[in-house]
Protein chains: 2
Amino acid sequence: MTATQAGSQAVDRAAALLALVVESGDPRTFTSLVEDVGLAKSTTSRLLQALERNRLVRRDRAGSFHPGPLFAVYAARHDTTGDLVELAQPAMDRLSELTGETVNLAVPRAGELVQIAQVDSSYLLGATNWLGVSVPPHCTALGKVFYAHRVMALQKGELRWPTDRAMTRPQLERELAEVVRRGWALAWEELEEGLAAIAAPVHAADGSVVAAISVSGATTRITRSEVPGLGATLVEQGRTISQLLGHQP
Amino acid sequence: MTATQAGSQAVDRAAALLALVVESGDPRTFTSLVEDVGLAKSTTSRLLQALERNRLVRRDRAGSFHPGPLFAVYAARHDTTGDLVELAQPAMDRLSELTGETVNLAVPRAGELVQIAQVDSSYLLGATNWLGVSVPPHCTALGKVFYAHRVMALQKGELRWPTDRAMTRPQLERELAEVVRRGWALAWEELEEGLAAIAAPVHAADGSVVAAISVSGATTRITRSEVPGLGATLVEQGRTISQLLGHQP
DNA sequence: ACGCAGGTTCCACAATATGGAACTTCGCCG
DNA sequence: CGGCGAAGTTCCATATTGTGGAACCTGCGT
């Protein structure tokens, strides 16, 4: 067998098995792993037992294999923000190429909208660096995505609007229903005059919305007639990221 | 070398190295791994290269080792609730042994309090199964922990109290400051007459509060004089879980 | 009771993994 | 600027491990 490097065939084989289990998303039977890995049953059995003994896989009562406690420890103590950013980066770069505008990724956290990554605009008149900037979510496209999908609760009390494009609460609720229907959200000069943004959701494997991705720029470039096309593009890129997270539409 | 089983020494060795990297929390140098694992430098180098090739570790620019992309994939697409429950289970069992009362674990999610695990009371007069039950957080011990640590925002508007033990908002704010000071929260017949609960926070590696653990039961058993002692016990078990998450006080 | 699928164990032997030595690279210090 | 030491990599003779075919075990369905 062709080896990338001498003296690690057993480790390579065990790792290949491990990758099959971790990337599967579903429990894996011994037989299905034997078929996929292409090794003798005895070899596969021995390698799986070594992986189990070392907490890299675990078996459920039916005997099927799952990622083991070492993965759980990593996930439980690791801030996955970096992982999400890493997975989302190609889609964000793609959006940047396609539009030349500022691209952002945000997550809902402690009931607030948190920007975790940004690809800057190629225009001089671009949006600010939004990371760490606190904005009223109801007048942002990203915030509307989170409100529409109920991963953030719309605050009670008076909603303040920084521009004169104020909405009543019923108007906003109708807007949010529209976001769910068409898949994307728009904020047109609601946060600042001359600033437009479109956003779409990112779903986890279980379908829940865990992030949103957006494009923003000047209304002199992002015309009203372009918005539906941009919205469709954002939905598509949001779907791409969701699929990387194991979501199946 | 004593082997648990024939034919997997290389996998066991590679897995031991991997565990050192994943459980470390910090980047690991090649030299520090050689020291800890106790193998020849050439063996360690070869095993680490195999782990890197198989995406189980990665090296940063300085050459130090980190958990690799396979862990990131797992974390990004895996709901870590199950992992947190698994890590917290021994501490919850311990609290159940010590008190005999209902023990709960909750997380803040989308600005709301979500119960994710419970160990039932050994008493007949025990608390309900809280999982999935929506309660007003301001009159629960768990909710007070989240409000006190600002991982949930106290709602504007009138606070409704199901019993006659209502508090004014300033009274509640003072209570929350007290929660931070002494480390634990108390709800004494605020949710229901005859029901008492004490809760303490669980911290992630970065210090942020990601969960809370509580004990609840009838005021006929949980007397007022016992509350401080129970509070201290909960703080201790909360700290135990936090340490498993990589938090260092 | 029998057959079969899923999975485990045994062991002769082929071939891999080992580690000591040699080597490379880089930063620090005189 | 050269020497030195630490960190890390590569080489290869050889010891010993990992392999897979065969035999075996277990549970379930007929």
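The values are calculated or read from the model by the stated rules, or taken from the named source; none is laboratory data. Here the structure is a predicted model, which is why all the values come from computation and not from measurement. Reconstructed Cβ throughout: ideal geometry from the backbone, glycine too, with neighbour counts over all protein chains shown. Remember, those area values only see protein heavy atoms, side chains included, never the ligands or the DNA or RNA. Shrake-Rupley method; radii C 1.70, N 1.55, O 1.52, S 1.80 Å.
Okay, here's what the table says:
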{"read-out": "Shielding by partners - mean other protein chain Cβ count within 10 Å, residues of A:229-242", "value": "0"}
{"read-out": "Student exercise, the range A:81-244 dipole from Lys, Arg, Asp, Glu Cβ charges, in Debye to nearest 20", "value": "480"}
{"read-out": "Ordering of A:113-120, B:66-73, B:226-233, B:156-163 by packing [mean C-beta count within 10 Å, highest first]", "value": "B:66-73, A:113-120, B:226-233, B:156-163"}
{"read-out": "Average accessible surface area per residue within the protein assembly as shown, 1.4 Å rolling probe, Å²", "value": "47"}
{"read-out": "Between the range B:63-103 and the range B:140-184, the Cα center-to-center distance that results, in Å", "value": "27"}
{"read-out": "Carbon/sulfur fraction of accessible area - the range A:143-235, other protein chains in place, 1.4 Å, %", "value": "51"}
{"read-out": "Helical mean residue ellipticity (222 nm; -39500 (n - 2.57) per DSSP H run of 4+; nearest 500) of chain B", "value": "-13500 deg cm²/dmol"}
{"read-out": "Degrees, to the nearest 10: B:9-24 long Cα axis against longest axis of chain B", "value": "40"}
{"read-out": "Surface accessible to a 1.4 Å probe, A:THR31 within the full protein complex, Å²", "value": "80"}
{"read-out": "Chain A, relative contact order [Cα under 8 Å, separation at least 6], %", "value": "15"}
{"read-out": "Within the accessible area of the range A:1-99 (1.4 Å probe), percent carbon and sulfur", "value": "48"}
{"read-out": "Alpha-carbon gyration tensor eigenvalues x 5, square-rooted, for the range B:9-76, Å", "value": "18, 13, 11"}
{"read-out": "Interchain or long-range residues, amide H under 5 Å from A:THR102's placed H", "value": "A:SER121, A:ALA127, A:SER216"}
{"read-out": "Most fluctuating residue given options B:GLU35, B:GLU175, B:GLU52, as computed from a GNM of chain B linking Cα atoms under 10 Å", "value": "B:GLU35"}
{"read-out": "Modelled FRET efficiency - R0 30 Å, A:LEU20 with A:LEU98, Cβ distances, 0.05 increments", "value": "0.30"}
{"read-out": "Exercise: per-residue mean of other protein chain Cβ atoms within 10 Å, B:48-54", "value": "5"}
{"read-out": "Spin-label pair B:ALA153/B:GLN89, simplified geometry with 7 Å Cα→Cβ offset, distance in nm", "value": "3.7"}
{"read-out": "Fluctuation leader among B:GLY100, B:GLY217, B:GLY25 - chain B, Gaussian network, Cα springs under 10 angstrom", "value": "B:GLY25"}
{"read-out": "In the A-B interface, the accessible area buried, summed over both sides, Å² (probe 1.4 Å)", "value": "4100"}
{"read-out": "Label distances, nm, A:GLU23 versus same residue in remaining copies, Cβ-directed 7 Å point", "value": "2.8"}
{"read-out": "Net lengthening on full extension, A:VAL133/A:VAL227 (0.36 nm per residue, minus Cα-Cα)", "value": "31.4 nm"}
{"read-out": "Rotation relating A and B, chain B residue nearest the axis via C-beta, angstrom", "value": "B:GLY111, 1"}
{"read-out": "Interatomic Cα distance distribution for the protein assembly as shown, bins of 10 angstrom, percent", "value": "4, 17, 23, 23, 20, 11, 3, 0"}
{"read-out": "Nm distances between copies for A:VAL227, ranked from closest, using label points 7 Å along Cα→Cβ", "value": "5.4"}
{"read-out": "Cβ-based charge dipole, the protein assembly as shown, positive-most Cα from B:PRO136, B:THR43, A:SER64", "value": "B:THR43"}
{"read-out": "Peptide B:13-23, shielding by other chains (average Cβ, 10 Å cutoff)", "value": "5"}
{"read-out": "Mean separation of Cα contacts under 8 Å (6+ apart) over length of the range A:9-77, as relative contact order %", "value": "32"}
